[in-house]
Amino acid sequence: MRKIQVKLYRWQAVTDSQQTHQGINSALNQQALECDLFSRNLIPIKIKRYYPSLYQRYRSRINSHFISQWTRQLATLLSAQLPLAEALAISAEASPFCLQQQFILSINQDIKQGLSLSQSLKNTQHFDATYIAMIQAGEVSGQLIDTLITLANDQERQIALKKRLNNALIYPVIISIFSCIITFAMLQFIVPQFKQFYAALNTPLPRLTELILVFSNKLKSISSMNIIIFLISLYIVQRIYKKYRDKVHALAEPFLLRLPIIGAIKQKNRLNTFCRTLHILFNSDHHLPTSLTIAIKATHSPQLIRQAATMCTELEQGTSLHQTLKNHSTFPNIALQMIHAGEHSHQLAIILKQLSALYESELTQTINTLIKLLEPLAIIVIGGLVGLIIIALYLPIFQLSHIL
């Protein structure tokens with residue numbers, strides 16, 4: 001079934017008492033918006049297509065925070081025994097941003113065409129496979145409200161984790177930016193003053209001083225055209241990376257996993273994602289091979305994704321989950337043993353939830369350790385850069401005083 005595109009319109013209308021109203025709304029077409037205005041006792045006098053600015057698009061973007069809030073809101077509306085289409089319409093009307101309103105109404109149009117909620121969400125391309133599979137399972141089992149609440153809880157937990165990690169990174173980032181500003185200021189304004197002084201002396205300079213002076217000259221010679229070329233190059237590299245992201249990840253993954261702390265963070269994040277996703281799907285009575293495929297894709301691990309089909313085949317042939325993971329992955333022994341115990345005790349969902357909580361806690365601790373290392377390292381770097389420039393600038397003076 002062809003997807004109908006909901007459009008944005010800016011409108012102006014009057015009431016019977018000639019009071020003027022205006023606004024921005026999403027609608028299937030201009031005629032649909034006119035009908036909506038008439039239903040609200042508004043007489044349209046001006047309607048035209050509306051195209052949001054870049055700033056408005058940024059503010060009303062569809063991100064994880066919005067998805068989490070919308071999921072919680074939809075669960076609340078459905079809990080009030082409202083039909084799905086009506087709940088979506090109320091959700092769209094409550095949205096303060098036009099693009100988010102357009103997004104929700106687009107889903108609602110698909111629902112009115114006869115598509116299920118999971119099919120409608122898949123059309124938007126804003127939801128991952130785990131989310132869609134969970135919604136689909138909730139629709140089949142008749143537990144859509146409980147499924148939405150579970151998804152909202154999980155997303156809120158992920159957002160809280162990311163927020164804690166971002167807050168922990170603030171100090172090292174500020175120190176790094178500050179060091180760059182100081183280094184740039186010294187090379188741009190202080191070093192040239194010493195250059196004029198040394199030129200008047202007409203004496204040979206130490207190699208370190210010459211390098212600093214050359215670098216300062218290169219920095220001053222950068223023009224606006226160079227900056228534009230650099231930004232264009234960054235954009236091209238970003239587009240190429242986006243196109244070949246999977247191949248780049250496949251090449252970089254073995255190297256990243258061998259790094260001391262970065263490798264541990266990547267591995268624990270992958271284990272947390274895998275266990276959390278598999279727990280959510282398995283707990284909703286989803287087919288285990290299908291759940292395993294979705295959980296593997298959620299890890300974004302090229303190695304696991306290549307082996308996903310083989311692992312699912314083994315599961316369908318009767319191989320246990322822990323044995324399948326043991327044959328085709330580098331899961332820690334403790335995780336394999338706990339999964340094995342969960343299968344034997346028929347408590348696999350509980351074990352997966354415990355493993356997810358365990359690796360989430362370890363991930364937070366590892367990142368906090370990295371932050372504690374980065375903070376003094378950033379201070380050492382800024383002190384080293386400033387100290388190196390000062391030594392380079394005063395080294396000729398020290399040599400000259402020694403000669404005299």
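Throughout, read-outs are computed from the coordinates displayed, never taken from laboratory work. The structure displayed is predicted, hence computed values, not measured ones. No Cβ is skipped: glycine too gets one built from the backbone with ideal geometry, and neighbour counts run over all protein chains shown.
A few points about this structure:
- Lysine pairs in segment 231-365 whose alpha-carbon atoms fall under 22 angstrom of each other, counting only those eight or more residues apart or on distinct chains, come to 15.
- If you wrap the Cα atoms of segment 100-214 in a convex hull and average its projected area over all directions, you get 13.0 nm².
- Protection proxy ranking, peptides 194-202, 157-165, average beta carbon neighbours within 10 Å, highest first: 157-165, 194-202
- Over 29 Å between alpha carbons, listed pairs LYS46/LYS122; LYS112/LYS163; LYS122/LYS162: LYS46/LYS122; LYS112/LYS163
- Leading residue at positive end of dipole, the chain (Cβ point charges), from GLY318, PRO376, ILE181: ILE181
- Local electrostatic count at ARG10 - Lys and Arg +1, Asp and Glu -1, tallied over other residues with Cβ under 15 Å: +2
- Think of the chain as having a plus end and a minus end, set by charges on the Cβ of Lys, Arg, Asp and Glu; of ILE391, ALA94, ILE351, ILE391 sits farthest toward the positive end of this dipole.
- Size of segment 61-156 as Cα extents on the principal axes (Å, biggest first): 33, 28, 26
- Summing +1 for each Lys or Arg and -1 for each Asp or Glu among the other residues whose beta-carbon sits under 13 angstrom from that of ALA137 gives -3.
- FRET efficiency, 1/(1 + (r/R0)^6) with R0 22 Å, evaluated for GLN188 and VAL381 via beta carbons: 0.70
- Simple spin-label estimate for ILE229 and GLN19 gives 6.2 nm between the two label positions (7 Å along the Cα-to-Cβ direction from each Cα).
- Counted over segment 357-403 with a bin width of 5 Å, the fraction of Cα pairs per bin, in whole percents, is 5, 18, 12, 11, 11, 9, 8, 7, 6, 4, 4, 3, 1, 0.
- In the calculated pair-distance distribution of segment 179-404, the portion above 34 angstrom amounts to 46 percent of the Cα-Cα pairs.
- Peptides 238-246, 284-292 ordered by packing proxy, namely the average of other Cβ atoms within 10 Å per residue, highest first: 284-292, 238-246.
- The HN-Hα couplings worked out from phi for segment 254-260 by the Karplus form 6.51 cos²θ - 1.76 cosθ + 1.60 (θ = phi - 60°) are x, 5, 5, 5, 8, 5, x Hz, whole numbers, x standing for Gly and Pro.
- In terms of its Cα atoms, segment 90-143 spans 32, 22, 18 Å along the principal axes, sorted from long to short.
- For segment 7-57, alpha-carbon Rg over 2.2 N^0.38 Å: 1.16
- For segment 61-156, a crude dipole built from +1 on the beta carbon of Lys and Arg and -1 on the beta carbon of Asp and Glu, taken about the Cα centre, is about 180 debye to the nearest 20.
- Alpha-carbon centroid distance for the pair segment 89-105 / segment 147-172, whole angstrom: 24 Å
- One chain, two ends: ASN333 and LYS247. Fully extended at 0.36 nm per residue, the span grows by 28.1 nm beyond their Cα-Cα distance.
- Average Cα contact separation per residue, the chain, under 8 Å, 6 or more apart, as relative contact order %: 14 percent
- The chain - Debye-derived log10 I(q)/I(0), Cα point model, q = 0.09 Å⁻¹: -0.81
- The chain, dipole about Cα centre (Lys/Arg Cβ +1, Asp/Glu Cβ -1), debye to the nearest 20: 1360 debye
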